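A short worksheet on the structure shown next.
No lab work stands behind these numbers, since they all come straight from the coordinates. Not measured: the values here are computed from a predicted model. Reconstructed Cβ throughout: ideal geometry from the backbone, glycine too, with neighbour counts over all protein chains shown.
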Amino acid sequence: MDDLFFFDADCRVGSGPVIGIQPGVKELLAEMDHFGIDKAVVQHGSTGMLGAAQANLQIAEMLKEDTEERLTGIWYFLPTQCRELPEPDEFFRQMKENRIRLLALNPYEHQFIPHRISIGKIMDAAKERNIPIFLREFSGQWRDLYDFIERFPENIFIYCDRVGKWGHDRKIRPLLENYSRFYYGMSGYWVPEGIRDLADAYGADRLLYSSGFPYYIQGSGMTQLKFCGLNEKEIAAIAGKNLEKILSEVQL
């Protein structure tokens, strides 16, 4: 399995006034080369302090350093009422122009309620275009996460949990069972036997390799996946093919 295609669903780059000096694009690419990661999804590491608009501009600028286009960016969105970001059609045009194919939200630090009356317009537009919504800012906020997904059951969601190294099966499994477009990235899921059990229960196509870089090194999750007991086809799907398929269906 040395020739596996790995597509990391959870990386952050960029320094900030609170988090301090953090790796940039060059450091991430060097890490990927070291461990044999082919591609990665990346967002700015200081989105909460910078705000959505500024963090989006900075990650778009940083992606220009990736001349081989191995990285795919995430942009954050806000309620449309305050008109801090462009209307959805223009916003999506700018996403395409800057190699951004996923959206994320941070209602806690960006001070809004993730409800249909605040963000329904952009959530519906994202659903129509198959744009995944990245949910790591909900980490640990389980009631909020359940309520949010229940309001938008037809959107594509990717949840990567950095906290809780021994797994949150009793909280994750109901989401996998009830929402067919919910995908689980296993950044903090350090339970090798659990990967196989999750795949047996809900399908290997619902699971994604994700490292949580720079908080965790990329190699630890790779090793866990390779020895989780699944067959080569299922491991290859989780390693990168699932995420590649999801992003191939985005319409911008």
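List, in the order given, every pair from K121/K226; K121/K233; K64/K241 whose Cα-Cα distance in the structure shown is over 32 Å. Too far apart for the 32 Å limit: K121/K226; K121/K233.
Taking every DSSP bridge with both residues inside the chain, close to 10 percent are antiparallel. Here H110, H44 are placed in order of increasing Cβ neighbour count within 10 Å, fewest first, which gives H110, H44. Neighbour counting of Cβ atoms within 10 Å sorts the residues S46, S139, fewest neighbours leading, into S139, S46. Along the chain, the exposed loop sites are GluC sites (Glu not before Pro) outside DSSP states H, G, I, E and B with at most 15 other Cβ atoms within 10 Å, and the longest stretch free of them is 155-248. Given an 8 Å cut-off on Cα distances and at least 6 residues of separation, report the relative contact order of the chain as a percent. Relative contact order, the chain: 21 percent.
The label-point distance for K26 and E84, in a model that sets each label 7 Å from Cα toward Cβ, rounds to 3.2 nm.
For A201, neighbours were defined as the other residues whose beta-carbon sits under 10 Å from its Cβ, and their charges (Lys and Arg +1, Asp and Glu -1) total -1. Taking label positions 7 Å along the Cα-Cβ direction at both A53 and D33, the computed distance is 3.7 nm, reported to one decimal. For the chain, a Gaussian network of Cα nodes joined below 10 Å ranks T223, T80, T67 by mean-square fluctuation, and the top entry is T67. A run of the chain free of exposed loop cleavage sites, with trypsin sites (Lys or Arg not before Pro) counted only in DSSP states other than H, G, I, E and B and at most 10 other beta carbons within 10 Å, reaches its longest extent at 84-252.
For the chain, the Cβ-based charge dipole about the Cα centre amounts to some 480 debye (Lys, Arg positive; Asp, Glu negative; other atoms uncharged). Inter-label distance, K121 to E193: 5.2 nm, where each label sits 7 Å from its Cα along the C-beta direction. From the coordinates of this entry, Cα extents along the principal axes in Å is computed, and it appears in (1) 62, 43, 32; (2) 89, 66, 36; (3) 50, 39, 33 under the label (3). Shown is the FRET efficiency for E249 and R170, computed with R0 = 22 Å from the Cβ-Cβ distance and rounded to the nearest 0.05: 0.10.
With runs of 4+ DSSP H residues as the only contributors, calculate the mean residue ellipticity of the chain at 222 nm using -39,500 (n - 2.57) per run, divided by the residue total and rounded to the nearest 500. Dividing the helical sum by the residues of the chain leaves -11500 deg cm²/dmol.
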